[in-house]
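Contents: one structure, followed by commentary.
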């Protein structure tokens, strides 16, 4: 059992971080929310509508956007074209709207200057931004972020935090999985800690990270 | 005497830098535990020492010899043995055959199949069983046994207790303790920090590819490790 009776709700515009040791079920939870994995039991609702049986592509159109841990852009397409794909396949709409949304997403993620670069020529930071821009272009009301801060330098992480906080001004809710806890706690108001498929703590980030059960879950129970 | 010297090691996987300018020294006979969150670079560091991952920069010196450009199988012959994450046994071979594979290193020493079975009595009943049929603990014991068969001076063990039942973890650590007493230098990666602090003489905590805490295990507190592990001192607010 990877997820075991996980319950949580995310408010409009709220940013929730999900932490937990390796194997806690964080990515599986994101898969269940995004629709790339169907839960054996339980329900996923978006704006009060049950989407548990909706496929990932449909959920994306309904407003669940996702940035994956390992960006896999279309390498031979330009940065703009990649984001355009997200805009068209996500919320869609008339071509001019899709176009505008792609431009806005590029701008929000600081990629405008690189719009005509081929995606395969990007470095890690810009690939992560492209992954984010592509998810944002789908026009999500909930943005699922999977380890978007991994492998970044401190300065790059600061830029990422600034980008995400800009996006949130527009009212996007965020569910963010991140191993880099010290980055995550600066980008969310609430932290949920999972261990062995269950939620073991849920609350204000500093309090959750001081919680003895959270520390034990990561470091092992004290034997000394 | 310094057995292992790691000097300014950088290691990458494509675009991702997993180890950033890590330096450390390991004395002969010492037990060093590497702890840190997932993705901190512990396993990669171990692999650069073993020679299974080539560093992008820096130097690895073993027993006074620069081995940075020496290939993994040659390092085994020099006395460096790695127990990799996931054990990596030959599933179709028996326990005994898996152990005997390591004799290809041609290193003289006290370790043979019988000696391994003595340290890991749980393997005795499975001597002729295929590795694929073993439990996680038996596989880990076989993997450590295989490394011992090379008569290493430096034993590198990745994720010692991952996926093992508590009682098996006890046994594995008891065996590692015995090896240490016999003079084998051990560098291990352990998720269970309490366990690492209890076993090792020195602990190194990594965060995002860097060493953020280092000290004798008896002097390092759980609180210090917690702060270093999550990097929360850097977050300011927490």
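The values are calculated or read from the model by the stated rules, or taken from the named source; none is laboratory data. Owing to the predicted nature of the structure, the values given are computational and were not obtained by experimental measurement. So basically every Cβ, Gly included, is an ideal-geometry build from the backbone, and we count neighbours across all protein chains shown.
List of remarks:
- Within the option set B:217, B:174, being touching a helix residue (DSSP H, G or I) at 6+ places or on another chain (Cβ under 6 Å) and either over 30 Å from residue A:19 (Cα atoms) or at pLDDT 90 or above (or both) holds for one residue only, B:217.
Let's see how each residue does on (1) over 12 Å from the mean Cα position of the chain (by Cα); (2) part of a helix (DSSP H, G or I):
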| residue | (1), (2) |
| --- | --- |
| B:132 | yes, yes |
| B:142 | yes, yes |
| B:146 | yes, yes |
| B:155 | no, no |
| B:161 | no, no |
| B:168 | yes, yes |
| B:176 | no, yes |
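- Condition broken by residue A:157, with the remaining ones in (1) away from chain B (no Cβ under 14 Å); (2) crowded, with 21+ Cβ neighbours inside 10 Å; (3) free of Cβ contacts under 8 Å to residues at least 40 places away in the same chain satisfied: (1)
- First in segment A:205-224 and within 7 Å of chain B (Cβ to nearest Cβ) and on the phi > 0 side of the Ramachandran plot, second anywhere and assigned to a loop (DSSP other than H, G, I, E, B) and at pLDDT 85 or above, Cβ under 6 Å, 6 or more apart: A:220/B:192
- Residues of segment B:163-187 satisfying the condition of being closer than 18 Å to residue B:109 by Cα and surrounded by 15 or more Cβ atoms within 10 Å (Cβ to Cβ): B:175, B:176, B:179, B:180, B:184, B:185, B:186
- Residue ID - nearest to the other protein chains (Cβ to nearest Cβ), chosen from residues in segment B:14-26 that are out of contact with any helix residue (DSSP H, G or I) (no Cβ under 8 Å at 6 or more places or on another chain) and part of a strand (DSSP E or B): B:17
- Index of the failed condition, residue A:61 passing every other in (1) under 22 Å from residue A:127 (Cα atoms); (2) not in a loop (DSSP other than H, G, I, E, B): (1)
- If the condition is being touching a residue at least 24 places away in the same chain (Cβ under 8 Å) and either surrounded by fewer than 19 Cβ atoms within 10 Å (Cβ to Cβ) or assigned by TED's automatic domain parsing to the domain that holds residue A:147 (or both), then segment A:115-126 contributes A:115, A:116, A:117, A:118, A:120, A:124, A:125.
- Options B:204, B:220; residue that is over 24 Å from residue A:205 (Cβ atoms), crowded, with 19+ Cβ neighbours inside 10 Å, over 18 Å from the mean Cα position of the chain (by Cα) and more than 8 Å from every other protein chain (Cβ to nearest Cβ): B:220
- Subset of segment A:12-32 that is more than 20 Å from residue B:229 (Cα to Cα) and assigned to a helix (DSSP H, G or I) - its residue that is nearest to the other protein chains (Cβ to nearest Cβ): A:27
- Some residue of segment A:173-193 being more than 9 Å from chain B (Cβ to nearest Cβ), over 15 Å from residue A:17 (Cβ atoms) and out of contact with any helix residue (DSSP H, G or I) (no Cβ under 6 Å at 6 or more places or on another chain): no
- Test: residue in segment A:182-189 that is within 16 Å of the chain's Cα centre (by Cα), in a loop (DSSP other than H, G, I, E, B), closer than 29 Å to residue B:226 by Cα and touching a residue at least 40 places away in the same chain (Cβ under 8 Å): yes
- All told, residue B:34 meets the bar of being modelled with pLDDT of 95 or more and closer than 26 Å to residue A:219 by Cα.
- Flag for residue B:158 being within 14 Å of chain A (Cβ to nearest Cβ), buried (at least 20 other Cβ atoms within 10 Å of the Cβ) and at pLDDT below 90: no
- Residue match in segment B:127-134 (condition: free of Cβ contacts under 8 Å to residues at least 40 places away in the same chain and within 14 Å of chain A (Cβ to nearest Cβ)): no
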